[in-house]
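Step one of this worksheet: look at the structure below.
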Ligand SMILES: NC(=O)c1ccc[n+]([C@@H]2O[C@H](COP(=O)([O-])OP(=O)(O)OC[C@H]3O[C@@H](n4cnc5c(N)ncnc54)[C@H](O)[C@@H]3O)[C@@H](O)[C@H]2O)c1
């Protein structure tokens, strides 16, 4: 039986593992399989990425180049743009992007493109797993008919499962190998063999009864975050109106040892997951006549945060009898979260766009992001890229307002507090001591 055939290859570490899409999710996964003793091949459409990996260097912060180099040198790992090598793989895992269209509808075109390449080479004895976050039903409604169109049959010839990725870029404590993995096959055999594969690289594998449950579990996780961050953001605005310190309120509430989990406000949500994934769920719900109101409300509250930050800047300047128009505004951090280089959906983009529209002279400093491009929708006020400026004394002194958008660790906040007159802190990056000793006016979210 096909199940035993693939499972025994996995047990003997003779299964060849292919990962399609080598980004924040795919590259760490590929590396884990190679480290566990499998021959791992990464498939990319980006030639530069494939070349970098084969040259022994990593472009993902959480993966050290030395690790990639060693695995490439030992012929355990390689990357290719030639999808014909998919034929050699016993297990293929899809980790391509799942963005939204401008209409906020799911864009599964990357999944379809990757699955199309697999379909063209599908043969008896392969296990296919989708990891890209997507709406419930993608694996069994979309991929299964595509693969069975070849004449091959699920369970008889190949296996198919969904297993969501939970990687948290920049988190040194939890990485691919120690984050429990949820696995749901389209059939029981698929679940069993996919779970067996992941158990080679992950300590805890949690099998569920279907691919749909696994797809929905991932969306619940990220929707839960989006909704609770929305609640924290609303609380921040409420506290601002009442002149109460939100951060102190959250700290106090978080002392409760049960029934409360702290979420924090910020300048808006970013990244490839939290702002996008809930839309995958609400879109699917709408197809079935169901209106997911929590998702809609969270989106509304969260997407207004950049506007609120710009209001705080404007209020701060106004108190100093300055207009936004012509003011020099320096953003500290443009990545969507601390200590990483990812600017996808970052609220900084929307804040910069709004500031530029109001005539501000915007500059930024980010130790992780050397250039910021405005390729997408954030172009109302021109799409000239910005370069990160160095954080010189002169830069700090000449800024009319400093805005802490990302609380990156390498930034010397003490110096920032000493050399500037107005700071808007959207992350509570400035400690009580720094605030007490600073002569700057500090406005906190
Ligand atoms: N980044 C995260 O923190 C995170 C966490 C959990 C889940 N996810 C999910 O994982 C999936 C991948 O996200 P990511 O952050 O790794 O994206 P990414 O953009 O970093 O990487 C995707 C890679 O896929 C490549 N690619 C695109 N189409 C391809 C194709 N047809 N064939 C081969 N390669 C192709 C791209 O060139 C890119 O290198 C998404 O569905 C995302 O929602 C991401």
Please work out the C-alpha center-to-center distance from the stretch 282-337 to the stretch 190-204 and express it in whole Å. 40
For residue 5 paired with residue 66, estimate the spin-label separation in nm (one decimal), with each label point 7 Å from Cα along the Cα-to-Cβ line. 4.3
Looking only at 344, 156, 321, which one moves most when the chain is put into a Gaussian network model with springs between Cα atoms under 10 Å? 321
Shape call for the stretch 118-196 from the C-alpha gyration tensor, a ≥ b ≥ c root eigenvalues: rounded (a/c under 1.5), prolate (a/b greater than b/c) or oblate? prolate
Once you have a ≥ b ≥ c as the square roots of the Cα gyration tensor eigenvalues for the stretch 1-131, tell me rounded if a/c is under 1.5, and otherwise prolate or oblate according to whether a/b is larger than b/c. oblate
FRET efficiency for residue 48 and residue 245, using Cβ-Cβ distance with R0 set to 45 Å, rounded to 0.05: 0.45
Be a star and scan the stretch 1-29 for residues whose amide nitrogen sits under 15 Å from the point 7 Å along the Cα-to-Cβ vector of residue 75. none
Going by average Cβ density within 10 Å per residue, which order do the peptides 404-412, 280-288, 430-438 take, highest to lowest? 404-412, 280-288, 430-438
So if we plug the beta-carbon distance of residue 361 and residue 112 into 1/(1 + (r/R0)^6) with R0 = 45 Å, what FRET efficiency do we get, rounded to 0.05? 0.55
GNM of the chain, Cα pairs under 10 angstrom: of 217, 254, 115, the biggest fluctuation goes to 254
Spin-label pair residue 328/residue 213, simplified geometry with 7 Å Cα→Cβ offset, distance in nm: 6.0
Relative to the present Cα-Cα distance, how much length would full extension add between residue 12 and residue 124 at 0.36 nm per residue of separation? 38.4 nm
Compute the Cα gyration tensor for the stretch 152-221, then decide on rounded, prolate or oblate, letting a ≥ b ≥ c be the square roots of its eigenvalues: rounded whenever a/c is under 1.5, prolate when a/b is larger than b/c in the other cases, and oblate in all that remain. prolate
What nm value, rounded to one decimal, do you get for the distance between residue 311 and residue 141 when each label is placed 7 Å out toward the C-beta? 3.8
Less than 18 Å from a label point 7 Å out along the Cα-to-Cβ axis of residue 101: which backbone N atoms in the stretch 273-315 qualify, by residue? 276-289
Rounded Å value of the spacing that divides the Cα centres of the stretch 34-110 and the stretch 383-445: 38
At 0.36 nm per residue, and after removing the present C-alpha to C-alpha distance, how many nm does the segment from residue 57 to residue 433 gain when stretched out fully? 131.2 nm
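Laboratory data are not the source of any read-out in this text; all were calculated from the coordinates shown. None of these values were measured; they are calculated from a predicted model. Because the Cβ atoms are built from the backbone with ideal geometry, glycine has one as well, and the counts that use them run over all protein chains shown.
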